Amino acid sequence: MTPRARIVVLGFDACDADLVRDLAASGELPAFRRLLDGWARARIRNPYGLFVGALWPTFFTTRSAALTAFHCWETIIPATYERRLTTPREIIGRPFWRALSDAGRRVAVLDVPHTRVEGALNGVQVVEYGCHDRHFGFHTYPPPLARDIATRFGHHPVFAVDPDVEREFAPDDYAHRAGPVRTADEERALLRDMLDGLERKRGLSSWVLGEGGWDLFISVFGESHATGHQMWHLHDPAHPRHDAALARELGDPLRQVYAGLDRALAEHLALIDDDTTVLVLLSHGMGPHYDGTHLLEEILGRLDAADDRRRNGQPVARLAKAAWSRLPGQMRAMLAPAASAALQRRVRSEPPAPCSDDDVGPAVRARRRFFRSPNNSVYGGARINLENREPRGLVRAGEFDATCEALRQDLLALVNVDTGRPAVRAVDRLDAHYLRPPGDALPDLIIDWNHDAPIETVWSPKIGFVHAPYTNWRTGDHKPGGLLLAAGPGIAAGADLGEIPIADLGPTICARLGVSLRGDDGRPAAALIGSAAT
């Protein structure tokens with residue numbers, strides 16, 4: 001009898017592929033360097049605009065991000081304009097490993113973000129031992145496994161704070177932080193506990209893998225995600241909050257965490273034989289937290305109000321503003337230094353009052369033609385207050401396209417005062433990327449900020465200056481691209497496999513294990529199937 005193919009998936013959550021390549025090239029990540037030099041590789045295409053919250057649900061349900069009903073930690077209820085927290089309990093779709101379990105395959109699933117134990121499984125599942133995203137607390141299948149893990153390895157000192165409490169939050173946001181931002185002592189404590197937690201997770205993951213007999217083993221490490229958010233400023237000398245003295249004392253936190261991930265990778269690979277298919281997933285990237293999402297509610301409110309042309313000043317001013325708005329992007333870029341200097345002189349002489357990022361409330365949303373739609377922070381989201389969709393819709397169906405286009409142009413006209421360059425790189429219609437289900441709570445427009453510098457003060461001829469300092473403790477945020485490194489029977493060593501949507505990974509894994517998924521959006525990736533499917 002031919003043995004079934006075995007698959008190991010090692011996920012490194014928000015582990016930046018560019019940084020991994022740089023550190024591998026310098027010799028700091030020898031295990032990753034071996035994979036980069038010899039394994040097949042593919043670019044991972046994550047859900048456009050929605051990837052921060054929808055990436056992992058898209059991975060495990062294999063559904064379009066528009067159909068999982070979960071893309072952000074909060075949402076606006078279309079029927080009431082009220083803001084509420086979301087929960088992964090609302091995710092529509094079934095984890096692909098349950099189809100494998102139903103088909104008799106033995107599976108082990110550790111720390112896939114936004115997942116929970118949903119009944120019996122042919123194997124084991126560990127939930128939220130080492131996840132940046134926390135919803136349900138640490139629990140396992142079978143339930144006694146949680147006690148065994150705690151006895152053998154202890155709890156993760158960062159991610160498993162109050163391990164039995166069900167709560168929607170990211171523990172690393174609050175660990176070792178008493179004030180608005182961390183003190184030097186708190187930074188030291190956070191890095192110490194993150195590295196300790198990584199070693200505990202490495203031991204736990206290797207132990208489960210070493211138990212053997214798995215048709216599918218998946219383990220996701222969350223330390224790269226959390227450290228990127230919380231300590232990017234100590235990694236990046238150009239960051240405004242960079243503390244050179246503390247960085248010299250501690251060393252680069254990201255380099256240390258990535259080195260720990262490299263050791264975990266090497267240890268796992270040593271437990272795997274040559275007949276096993278191995279997929280190493282760097283899910284998405286990380287960079288400085290430079291965006292204008294904290295300004296967006298105020299920007300949209302002023303744009304809505306400014307469409308009353310009486311607010312646009314005297315005729316000469318109106319002509320000047322209209323001329324600026326019609327300038328091509330390249331021309332604005334050429335004028336950026338002069339524009340920045342002029343705008344900064346104006347800000348120094350008349351400092352704008354900081355705007356608030358507080359919830360404007362349902363009554364205000366109902367009175368606006370468009371409002372901010374929660375979408376995390378990398379990409380802003382705007383939703384049109386549409387007649388016959390929203391209960392007090394102000395924009396008629398026949399005006400929807402024109403309203404979207406006018407708002408797109410207004411957002412593209414925003415200037416980052418500190419650089420003189422556009423604050424927004426692009427504005428896209430969501431329906432250009434997704435088939436949207438009726439009644440969704442998704443944004444209509446996705447706003448791609450220019451992430452090359454902090455965005456704290458913007459200006460446009462239509463709304464003037466909008467200003468608010470970025471005060472959040474997170475100094476790093478996500479980049480959309482991911483990387484897959486693959487080896488196994490039928491996968492050509494060193495091959496460039498092109499681009500693979502993340503929704504295709506689950507169907508690909510199932511196909512290699514001889515199980516077909518029905519009715520999902522992802523499809524098996526031919527380049528990864530090879531001759532191994534049974």
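The values are calculated or read from the model by the stated rules, or taken from the named source; none is laboratory data. Here the structure is a predicted model, which means the values were calculated and not measured. When we count neighbours, we look across all protein chains shown, and the Cβ atoms used for this are built from the backbone with ideal geometry, even at glycine. When the accessible area is computed, the model is the full protein with side chains, heavy atoms only, and any ligands, DNA or RNA have been set aside. Shrake-Rupley method; radii C 1.70, N 1.55, O 1.52, S 1.80 Å.
See the values below:
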read-out: Alpha-carbon spread of the stretch 97-155, three principal axes, descending order, Å; value: 33, 23, 14
read-out: Per residue, the convex hull volume that the Cα atoms of the stretch 192-311 enclose (Å³); value: 166
read-out: The stretch 388-461 - convex hull of alpha carbons, volume per residue in Å³; value: 122
read-out: P(r) of the stretch 2-79 over all Cα-Cα pairs, binned every 10 Å from zero, in whole percent; value: 14, 34, 29, 18, 5, 1
read-out: ALA305 versus ARG396: modelled label distance in nm, points set 7 Å from Cα along the beta carbon direction; value: 2.7
read-out: Rounded Å value of the spacing that divides the Cα centres of the stretch 177-248 and the stretch 260-292; value: 14
read-out: Point-to-point label distance, ASP102-ALA366, nm (Cα→Cβ direction, 7 Å offset); value: 4.3
read-out: Calculated FRET efficiency for the pair ARG241/SER356, C-beta based, R₀ 25 Å, to 0.05; value: 0.70
read-out: Distance histogram for the stretch 333-491 (every C-alpha pair counted, 10 angstrom bins, percent rounded to whole numbers); value: 9, 32, 32, 18, 6, 3, 0
read-out: Net lengthening on full extension, ALA526/GLU405 (0.36 nm per residue, minus Cα-Cα); value: 39.7 nm
read-out: Protein accessible area in the stretch 356-441, 1.4 Å probe - carbon and sulfur %; value: 48
read-out: The chain: antiparallel DSSP beta bridges as a percent of all, rounded to 5; value: 60
read-out: Cβ-derived FRET efficiency at R0 25 Å, GLU249 paired with VAL181, nearest 0.05; value: 0.90
read-out: For a label point 7 Å along the Cα-to-beta-carbon line of ARG429, residues of the stretch 36-55 with backbone N under 20 Å; value: 48-50
read-out: Length gained when the stretch GLU168-THR151 is fully extended (0.36 nm per residue, less Cα-Cα span); value: 3.5 nm
read-out: Fully extended contour minus Cα-Cα distance, from ARG21 to GLU199, at 0.36 nm per residue; value: 61.8 nm
read-out: Normalised per residue, the volume of the convex hull around the Cα set of the stretch 347-425 (Å³); value: 128
read-out: Positive-end residue, the chain charge dipole about Cα centroid, Cβ charges, pick of LEU121, GLY420, ALA150; value: GLY420
read-out: Projected-area mean, the stretch 110-230, by convex hull of Cα positions, square nanometres; value: 7.4
read-out: Pairwise centroid distance, computed over Cα atoms, of the stretch 411-430 with the stretch 461-530, Å; value: 27
read-out: Packing rank of 173-183, 454-464, 471-481, where each peptide gets the mean count of other beta carbons within 10 Å, highest leading; value: 454-464, 471-481, 173-183
read-out: Size of charge dipole - the chain - debye, nearest 20, with Cβ of Lys, Arg +1 and Asp, Glu -1, no other charges; value: 1400
read-out: Loop GluC sites (Glu not before Pro), the stretch 374-449, which have at most 11 other Cβ atoms in a 10 Å radius of their Cβ (DSSP); value: none
read-out: Computed magnitude of the charge dipole of the stretch 133-262 (debye, nearest 20; Cβ of K, R +1, Cβ of D, E -1); value: 160
read-out: Cβ charges +1 (Lys, Arg) and -1 (Asp, Glu), total dipole of the stretch 341-425, debye; value: 100
read-out: Cα pair distances in the stretch 188-252, grouped into 5 Å bins until the bin that holds the longest one, percent each; value: 3, 15, 21, 17, 13, 10, 8, 6, 4, 2
read-out: Dipole-positive endmost among PRO78, LEU394, LEU265 within the chain (Cβ charges, Cα centre); value: LEU394
read-out: FRET efficiency estimate (nearest 0.05) - Cβ-Cβ, ARG518 to ASP275, R0 30 angstrom; value: 0.60
read-out: Trypsin sites (Lys or Arg not before Pro) within the stretch 376-422: DSSP coil, no more than 14 neighbouring Cβ in 10 Å; value: ARG392, ARG396
read-out: Over the chain: helical MRE at 222 nm, DSSP H runs n ≥ 4 each giving -39500 (n - 2.57), nearest 500; value: -11000 deg cm²/dmol
read-out: For the chain, alpha-carbon Rg over 2.2 N^0.38 Å; value: 1.02
